Every structure is written in structure tokens, then in C-alpha cells.
Amino acid sequence: MAPIYCMDDLAVNGGKPLHRRPWRTGAFHIRAEIQALEKLLSGPALPMARGPAVMALREQLQQQYGMRYAVPVSSGSAALHVALFAAGVGAGDEVIVSPLTDYGSIIGIFQLNAIPVFVDVLPDSLLMDVSRVEEKITARTRAIMPVHNGGYAVDMPALMRLARRHDITVIEDCAQAHLARIGKRFLGTYGHIGAWSTNESKHMKSGEGGFCLTRSKKMAEAMDLFADKCYPRFPGAPPTPAFPALNVRLNEVNATLAAVQLQRLPRWIEQRRMFGDTFAADIAGVPGIAPMAQPRQAAPSYWWASFTVDSATLGVDAVRFCKMLSAEGIPAGANLQGYVPGWEVFRRLHENPAAFASYRPGRLEAGFYPEDCCPLAQSSGTRLGGVRMTQHNTVGEARSAARAVRKIVSALSGRQV
Ligand SMILES: Cc1ncc(COP(=O)(O)O)c(C=O)c1O
């Protein structure tokens, strides 16, 4: 019989923490990276564009994801930017995007002088509500950008059915969802382009970096040109720059790190999955707490082990619940993902006619983006919690985390759960 807890038993109230060992962590860069860098640096001067490490990484990515073309770039933000360009997004076009994301999803939209259009999230996953995308589609919609936050899957089969009906390009933001799947198919391979970040916080880390994958030669070439000054560095490229472009190439050093990390990635994801699946199974049925709702056959890659908190049932919100969980020795946090329409930049767009001159006149009056345009996403900070975890955490720790959740809910509800 599990013990019955009262409020005084909670560590946040001075009780004994349920998990008393240090939460496991470890190195995120490995010896093989040092060896690969030594080899790289003992050769000739590093080439700036399409060097051997970058070209090898392309092939490795193509093989890992079973996609025809890979375009490595300097960051996840750059990956999304070049993907938007390849999708033909330009001045005044609209891009439908999740309001819960990193600025990296939005930067490219702004830089192309296009208009982000936010669609609210589902209450039980805090991911794009695909059933509400259609009402946002207009004659100006050029792309849809679902964001697979926390390694959890947006319902891509449903989104792709809709996108095909309207002939709209889909760019999947997979920055937080390396090797996540629905069924056998990786997220990022449903849409026309998938875009990933390999910054320091992601499942695989190369310091900085990002990449796009696509099946379309045309889109791959457009991304390559846009990312590399539109210089003629592959057969068929225009002989001189044919359109304004960027320099956001990935370099040889970051590519070398990424290549080693990519080799280890499947094992790391399995380790994360053992933690995440165990935690989700063990908290199922706890009143007021729910594991993330996911499409059938989804296999998240768990950037966090997330859950929702129903404050009406428990009398505390996710922020307080995560504080209680942390006191029990389980590192947890709420406010996991920024609510983008709440940011200052959206309060001020109308003040800057020069920067946004190509937006359609009359559309960007003050209040064009009401702060509460996506109420479910706006309140996500108080409803979404997550246990912090990496490949270093164990199934035993996942079980501890779930026991701590049950302990807190038992104390809050006055009955054993
Ligand atoms: C969902 C999401 N999209 C895009 C990005 C941008 O990636 P980067 O920081 O590599 O530019 C991030 C990174 O934090 C992210 O989490």
C-alpha cells in the first residue's frame, strides 16, 4: 500500500523530499568529438563553404532521416528562415504558426516581410490545434509552420490532409523534436521541409547549428543558394547572385561536432524515451495531472517529460505544482515555452512603418495582434509543467518523478492516488 500523505509531508512544507539522490547529469560532448576535431584541425585550412565535414554531414542526415536533400545551416532560426524562402514566402504573405515557440520560428517570417498568423493550441498538449488552422487560411497564406514543442508531435497526418487540400507548403519546426516519430515516420518528414536546431540545449548539440531536410530538389537548391550568398557552388546554380541572399552556412567545426552527435543520437533518444514513456505511463490516471495528449502511434523524443496541471481539480497551478515537485528532489519547471504574441515586438509592430513597409497598408493598426489572440496558449504557463531530463536520467528516476507527482496530488486531494 502506498503511504497516504498530508500537506505537512510535502518537502515544500518542510517534509522529507521523496527523491534524495542528486538528479543525474553527465557530459554532453564526448571524446569522439575531440578526436574528430583534432583530425579536422590537423589538415589544411578549413574551407568556408561545402567543405568535406559539411558535405559528409549532409549525407549522414539524409540517411538517418531517409530524405533526399539536407541543407546544413548556422542555426535553427536560419534553417527556418531559408525554409520559408524556399517555400516562396515573401512580402505581405501570411505564415500560420504556433504561438508557443521560440523567436527562431518567427524571425524568418519577419525578415521576409511576411506576416505571422497565430493559431491557438490544444488544451491537452499545448501544440497547434490543427482543427483551427483552416479558419486562418486566406488568399495570402503561403506556409504553415507547426512546432513540435518538447519533442511532442503535432497531428501531422491531419495537417498534411488540410495543407494538400489548400495547396499550402508546410514547414515543420523540429528544433525540439529530433527523431520523434508518428508510427515509423520521423517528424520533419511529413511536411515539405523539416527544420532542426542543434544548439546547446537540443537533443544533439554542436554548439550552434541547424539543418533542413526536404524531398524537393528545387527547394533544396533554393535553400542552398539563399544560405550561401547565392554563389554558384553547385552545378546548375546561377552564374552570379540572382536574388538577395544571406550567409548562414554551417562551418566545418560545428559540422564535425554534429556528425559525431548524430551517430549517438538514436541511442540518446531511446534513453530519453525510456524515461519519458515510463513517467507518462506512471502518472496516467492521477486526478488533475495528465501526460501530453498525442496523435495515435506518436513516439515523442522528450525534450522535457511534460504534463498538464488542472488547477480547478488540484487548487494549484503548474507553476506552484512544479515548485512542489522540485522541492521533492525532481527538477521541474512551468512556463516552458514563450507565448510569442505577448511579446513587446507585437505591441509595437505598427509603430515602425519603415521596417514593415511591405505589410499591407491598413492591416497593421495598433492592436493588430491582440495580446489574448490565443487564450489557451496564453495561459499555458500556468497549465504546462515539465520534468527536466536528458539521456543521462534513468527509468528509476522517472518512477521517482511519478511517485513525487502522486505524493503531491495525494496531499492536495486528501486521498491516496
Ligand atoms: C522551437 C524552436 N524553434 C526554433 C529555434 C531556433 O533555433 P536556434 O536557437 O538554433 O536558432 C529553437 C531554439 O531554441 C526552438 O526551440
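Each value in this text was obtained by applying a stated rule to the coordinates, not by laboratory testing. These numbers come from a predicted model, not from an experiment. Reconstructed Cβ throughout: ideal geometry from the backbone, glycine too, with neighbour counts over all protein chains shown.
List of remarks:
- Per-selection Kirkwood Rh - the stretch 105-225 (Cα, Å, 1 d.p.): 15.0 Å
- Along the stretch 140-154 the Karplus relation, 6.51 cos²θ - 1.76 cosθ + 1.60 evaluated at θ = phi - 60°, assigns HN-Hα couplings of 8, 5, 10, 8, 10, 10, x, 10, 8, 4, x, x, 9, 9, 5 Hz to successive residues, with x for each Gly and Pro.
- Close amide H contacts of HIS178 (hydrogens built in the peptide plane, cut-off under 5 Å, sequence separation of 5 or more or a different chain): HIS203.
- Average projected area [Cα convex hull, the stretch 31-262], square nanometres: 12.6 nm²
- Highest to lowest packing among 194-206, 238-250, scored as the average C-beta count within 10 Å: 194-206, 238-250
- Comparing ASP155, ASP372, ASP282 in a Gaussian network model of the chain (Cα springs below 10 Å), the most mobile by mean-square fluctuation is ASP372.
- For the stretch 405-417, the Karplus equation 6.51 cos²θ - 1.76 cosθ + 1.60, evaluated at θ = phi - 60°, returns couplings of 4, 5, 4, 5, 5, 4, 5, 5, 9, x, 9, 6, 10 Hz by residue, with Gly and Pro reported as x.
- Segments 221-228, 51-58 sorted - mean Cβ within 10 Å per residue, highest first: 221-228, 51-58
- Helical contribution to [θ] at 222 nm, DSSP H n ≥ 4, -39,500 (n - 2.57), averaged over the chain, rounded to 500: -10500 deg cm²/dmol
- Burial order of peptide ranges 12-21, 163-172 (average beta-carbon count within 10 Å, highest first): 163-172, 12-21
- Sorted ascending by nearby beta carbons within 10 Å, beginning with the fewest, LEU213, LEU122, LEU41 become LEU41, LEU122, LEU213.
- Within the listed set VAL253, VAL121, VAL82, the Gaussian network model of the chain (springs between alpha-carbon atoms below 10 Å) gives the highest mean-square fluctuation for VAL253.
- Backbone HN-Hα couplings from phi across the stretch 171-180 [Karplus 6.51/-1.76/1.60, Hz, Gly and Pro as x]: 10, 8, 8, 10, 3, 9, 9, 4, 6, 6
- Highest-MSF residue in the chain out of GLN60, GLN35, GLN176 [GNM, Cα springs under 10 Å]: GLN35
- Three-way shape call for the chain based on the alpha-carbon gyration tensor, with the a/c threshold at 1.5: oblate
- For the set LYS202/LYS323; LYS16/LYS205; LYS205/LYS229; LYS136/LYS323; LYS184/LYS407; LYS184/LYS218, the pairs lying more than 28 angstrom apart at their alpha carbons are LYS16/LYS205; LYS136/LYS323; LYS184/LYS407.
- Here the dipole of the chain is about 1060 debye; that uses its Cα centre as origin and unit charges on the Cβ of Lys and Arg (positive) and Asp and Glu (negative).
- Note on the stretch 363-417: Kirkwood radius taken over Cα pairs, Stokes-Einstein applied at 37 °C and 0.692 mPa s, translational D equal to 221 µm² s⁻¹.
- Once backbone amide H atoms are built at 1.01 Å from N, ASN251 has no partners under 5 Å, excluding neighbours fewer than 5 places away on the same chain.
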